[in-house]
1. What is the residue count in the range 278-296 for residues that are open to solvent by less than 50 Å² (accessible area, probe 1.4 Å), more than 16 Å from ligand 2 (Cβ to nearest atom) and either under 30 Å from Leu437 (Cα atoms) or not in a strand (DSSP E or B) (or both)?
2. I'd like to check something: does the range 238-252 contain any residue that is crowded, with 23+ Cβ neighbours inside 10 Å, more than 14 Å from ligand 2 (Cβ to nearest atom) and touching a residue at least 40 places away in the same chain (Cβ under 8 Å)?
3. Working only within the range 181-207, note down all residues that are among the aliphatic types (A, V, I, L, M), part of a helix (DSSP H, G or I) and either over 15 Å from Lys7 (Cα atoms) or open to solvent by 70 Å² or more (accessible area, probe 1.4 Å) (or both).
4. Find the residue count for the range 119-134, including only residues that are out of contact with any strand residue (DSSP E or B) (no Cβ under 9 Å at 6 or more places or on another chain) and part of a helix (DSSP H, G or I).
5. Quick one: is Leu32 within 16 Å of ligand 2 (Cβ to nearest atom), of a type outside the set (S, T, N, Q) and either open to solvent by 10 Å² or more (accessible area, probe 1.4 Å) or touching a residue at least 12 places away in the same chain (Cβ under 8 Å) (or both)?
6. Looking only at the range 218-237, which residues are within 16 Å of ligand 2 (Cβ to nearest atom), aliphatic (A, V, I, L, M) and within 26 Å of Ser337 (Cβ to Cβ)?
7. Within the set of pairs 6 or more residues apart or between chains, which connect a residue that is over 28 Å from Asp213 (Cβ atoms) inside the range 100-118 to a residue that is part of a helix (DSSP H, G or I) with Cβ atoms less than 6 Å apart?
8. Of the residues that make up the range 163-180, is at least one free of Cβ contacts under 8 Å to residues at least 12 places away in the same chain, under 30 Å from Gln281 (Cα atoms) and open to solvent by 30 Å² or more (accessible area, probe 1.4 Å)?
Amino acid sequence: MSQFIPKADIRHAFSLAMSKMYQTEVPLYKDLMDLVADINADTLAKDGELKQHLSNTGELSRIDLERHGAIRLGLPSELATMRRLFAVMGMYPVGYYDLAPAGVPVHSTAFRAIDSAELQISPFRVFCSLLRPELIDDDKLRDTALQTLQNRQIFSDGVLALIDKCEQDGGLNADDADKFVSEAIKTFQWHKTSPISKAFYEQLLSQHRLIADVVGFYGPHINHLTPRTLDIDAVQDEMGRRGITAKEIIEGPPRRNCPILLRQTSFKALNEAIIFTGDGQEAGSHTARFGEIEQRGIALTPKGRALYDELLAKARANLATTPEKDPDAYYQALSESFTAFPDDYQTLYNDGLAYFYYQLSDDFASKDMGDKSVQTLLNNGVLRLEPIVYEDFLPVSAAGIFQSNLGDDAKSGYDGASNQVAFERDLGVAVYDECTLYQAMMDKSLAECLEKLSK
Ligand code: OOG
Ligand code: NI
C-alpha cells in the first residue's frame with residue numbers, strides 16, 4: 001500500500017506539467033505569470049496584515065501555484081471518463097453551473113480537491129464544461145456534429161490503462177504516476193490541425209463559436225490557466241502597460257477590505273493558425289485560448305451568497321448599457337450596490353454570511369476560558385477566526401469570461417431548463433455541494449480546537 005504515490009502529489013505534478021505545456025504553447029501566458037508574480041511580491045511587501053493571514057492559513061507558500069484551468073467536452077462518455085481521470089489525482093466534481101441562460105450552450109462542474117489538507121498541498125482545479133447538443137437548433141448540423149465527436153478518442157490508450165489500474169489497485173506507484181501525468185497531459189494539448197473541413201467549421205462557428213471549438217478539434221485543449229493574484233486591480237491596470245489586451249471588466253464583487261468569493265479578468269483569446277484537413281488541406285484560424293487571473297476571497301454561506309446575487313443583479317439592472325461598454329459606470333453601480341454587504345470579518349461572522357476556520361490564538365494558554373462557550377472563547381481571544389477561501393466558481397462571472405473570449409457574435413441566452421439531473425447521469429455520480437464542504441471544514445476546525453483545549 002505504502003508504495004502508492006499520494007493523489008495530491010500526482011495532482012501537483014500534473015498541474016506543473018500543464019503549466020509548462022501551456023507556457024510553451026502560449027508565450028503570452030508566461031508574460032502574464034511574470035506580471036502576477038511581480039504584483040504579488042509588491043502586495044505582500046506593502047500589506048503585512050494580509051501576509052500574516054495567509055501565513056496563518058498556510059496559503060503563503062502556495063500563492064504562486066496556478067489555481068485553475070478550463071476544458072470543454074463534447075460527449076457524455078468523455079465526461080464520464082474525465083471524472084475517472086481526475087479521481088486518480090484526488091479531484092472530484094463540485095458544484096453544477098448552467099451557462100445556457102447566459103448564452104453559452106454548456107453545463108459544467110469543477111474538479112477539485114475537497115478538504116483543507118488536500119487543498120493546501122495542491123489547490124489545482126479544472127472547470128469542465130459539457131456541450132449541450134440539444135441546444136443546437138439545426139437538426140442536420142447537430143447530427144453531423146455528434147457523428148464527428150463519436151469518431152474521436154480524446155484519451156490515449158496509456159492513460160486509459162493507468163486509470164483502470166489505479167481503480168483496481170487503489171493507487172499508482174511512482175513509475176506509473178509519472179507515466180500517468182505524461183499520458184494524461186496529451187488529452188489537453190493543442191492541435192494545429194483540425195479533422196474537419198473549413199466549410200463545416202464555419203457552419204459550426206455560425207451556430208456558436210464554442211460548438212466549433214469542441215467539435216472542430218481532436219481533443220479538449222486546455223483553453224486557459226489562471227494564477228491567483230493578491231491585487232487584481234493592479235494586474236488589470238498593468239496588463240495595458242505591458243501590451244497585453246485585457247478583457248474590459250473585472251467580473252465578480254467590487255474591490256473591498258475583506259474580499260469575498262472571486263474576482264476574475266483575462267486577456268483576450270488569441271487568433272491562431274489552423275490547417276483544416278477534412279477536405280484536403282485548407283488554411284484557416286481559430287480563437288479559443290487565453291490567460292486568466294483570479295483573486296479569491298472568503299467563501300459565503302447560502303445567506304451570504306443570496307445577498308451577493310441580489311446586489312450583483314441590482315448593480316447590473318440599473319445600467320444604461322452593458323458593463324463592457326462603460327466599465328466606469330458599472331464599477332460605480334457595483335460599489336454603490338455593495339455598500340449593503342458588511343465589509344469586516346467580525347460582522348460577516350456574526351451575521352452568518354461567510355465561512356471561517358476556528359484556530360487557537362498564538363497566546364491562547366494565557367487567556368481566560370470563562371464558560372468555555374464558543375462565543376466566550378472568541379471574545380476572550382482564546383480562539384481566532386480566519387477566512388476560508390472560496391474554491392469554486394460563479395456562473396455570471398464564468399459567462400462573462402466565456403463571452404469575452406468568444407467574440408461579439410455571442411448569443412444572449414438559450415431557453416430550456418437547466419438540467420443537473422442529466423449532467424449527473426452523464427458524469428456517473430452526483431456533484432458535491434460546495435456549501436456542505438465549507439461547513440464541514442468550519443465544523444472540523446472548531447472540533448479540533450475544542451479537542452486541544454480539553455486536554
Ligand atoms: C470556462 C469559463 C469559466 C471561470 O474561471 O469562470 C471559467 C471556459 O471558457 O471554458 O473558467
Ligand atoms: Ni477560468
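The values are calculated or read from the model by the stated rules, or taken from the named source; none is laboratory data. For clarity, every value in this text was computed on a predicted model and none was experimentally measured. Neighbour counts run over all protein chains shown; Cβ positions are idealised from the backbone, glycine included. The area values use the complete protein model at the heavy-atom level, side chains included, leaving out ligands, DNA and RNA. Shrake-Rupley method; radii C 1.70, N 1.55, O 1.52, S 1.80 Å.
1. Residues that pass the stated criteria total 0.
2. No - not one qualifying residue is present in the range 238-252.
3. Residues satisfying the conditions are Ile185, Ala199, Leu204, Leu205.
4. Result for the range 119-134: 4.
5. Yes; evaluated as a whole, the condition is true for this residue.
6. Across the range 218-237, the qualifying residues are Ile232, Val235.
7. The qualifying pairs are Ile114/Leu437; Ser116/Met441; Glu118/Ala8.
8. No, the range 163-180 has no match at all.
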